1. Looking only at residues that are at pLDDT below 90 and outside any helix (DSSP H, G or I) in the stretch 200-239, which one is farthest from residue 181 (Cα to Cα)?
2. Check the stretch 70-93 and report whether any residue there is under 27 Å from residue 219 (Cα atoms), assigned to a loop (DSSP other than H, G, I, E, B) and in contact with a helix residue (DSSP H, G or I) (Cβ under 8 Å, 6 or more places away or on another chain).
3. In a loop (DSSP other than H, G, I, E, B) and either within 28 Å of residue 73 (Cβ to Cβ) or in contact (Cβ under 8 Å) with a residue 24 or more places away in the chain (or both) - does that describe any residue in the stretch 161-168?
4. What single numbered condition from (1) surrounded by 14 or more Cβ atoms within 10 Å (Cβ to Cβ); (2) in a strand (DSSP E or B); (3) free of Cβ contacts under 8 Å to residues at least 40 places away in the same chain fails to hold for residue 35?
5. Kindly indicate whether any position in the stretch 88-96 is in contact (Cβ under 8 Å) with a residue 40 or more places away in the chain, surrounded by 22 or more Cβ atoms within 10 Å (Cβ to Cβ) and closer than 23 Å to residue 118 by Cα.
6. Among the listed residues 16, 28, identify the single one that is surrounded by fewer than 21 Cβ atoms within 10 Å (Cβ to Cβ), modelled with pLDDT of 95 or more, out of contact with any helix residue (DSSP H, G or I) (no Cβ under 8 Å at 6 or more places or on another chain) and farther than 24 Å from residue 185 by Cα.
7. For residue 99, which of the numbered conditions (1) buried (at least 19 other Cβ atoms within 10 Å of the Cβ); (2) closer than 20 Å to residue 19 by Cα; (3) touching a residue at least 60 places away in the same chain (Cβ under 8 Å) fails to hold?
């Protein structure tokens, strides 16, 4: 099923006939079945579906974290399939910011340290055109995410919501063109879930990142501009979210 908007600019995320099959001995399981999808620059798209529908596999395919069995993923004009493993890693570092359900913060570093190491790993501070992390931009992010007073604290000293907001700052500090979020509120209570969702909306609108969020929660998906429903490895429905009217 194709979900390609018409009369739009060149997609920043493009999937064509995307299929992923896993083999377990003699048993083959197809998690993603022939998905075609286009996301335009600056869009906020949510993909919703029950557990086992293939959402996370699609997330890993779109982020270049696993290779497709068939079809292709094109990120900002670059076909993942045409790249070596090293080139795929560099593309992810420079073009995509990842937000995961489990935060994945380094426990021995402060919140600031976790953000700084993400910038260092991206390679933006090295090479002839390298530049140090923009402190004014980090101040803006910290204000946007309400973590100004928590940057010196280690993850164990932060609430779940604060840890997720630090994880979002870590994903955004490199100014990626694309933010991919996999169940970003899955481990949070209602109050912190709402705070994180509001931050994703604000970062999408104010910072201009294209955002694609995977979720099983209809209330979370509703904040997006476009909602795609996934079932049995396929996209089966498309509808406008609240963000389309914002």
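The values are calculated or read from the model by the stated rules, or taken from the named source; none is laboratory data. Values in this document were obtained by computation on a predicted structure and should not be read as measured data. With ideal geometry, Cβ positions are generated from the backbone for all residues, glycine too; neighbour counts draw on all protein chains shown.
1. It comes out as 208.
2. The answer is no, given that none of the residues of the stretch 70-93 is under 27 Å from residue 219 (Cα atoms), assigned to a loop (DSSP other than H, G, I, E, B) and in contact with a helix residue (DSSP H, G or I) (Cβ under 8 Å, 6 or more places away or on another chain).
3. No, there is no match, as no residue in the stretch 161-168 is in a loop (DSSP other than H, G, I, E, B) and either within 28 Å of residue 73 (Cβ to Cβ) or in contact (Cβ under 8 Å) with a residue 24 or more places away in the chain (or both).
4. Of the numbered conditions (1) surrounded by 14 or more Cβ atoms within 10 Å (Cβ to Cβ); (2) in a strand (DSSP E or B); (3) free of Cβ contacts under 8 Å to residues at least 40 places away in the same chain, the odd one out for residue 35 is (3).
5. For the stretch 88-96, residues in contact (Cβ under 8 Å) with a residue 40 or more places away in the chain, surrounded by 22 or more Cβ atoms within 10 Å (Cβ to Cβ) and closer than 23 Å to residue 118 by Cα: present.
6. Just one listed residue meets the conditions, 16.
7. Single failed check for residue 99: (2).
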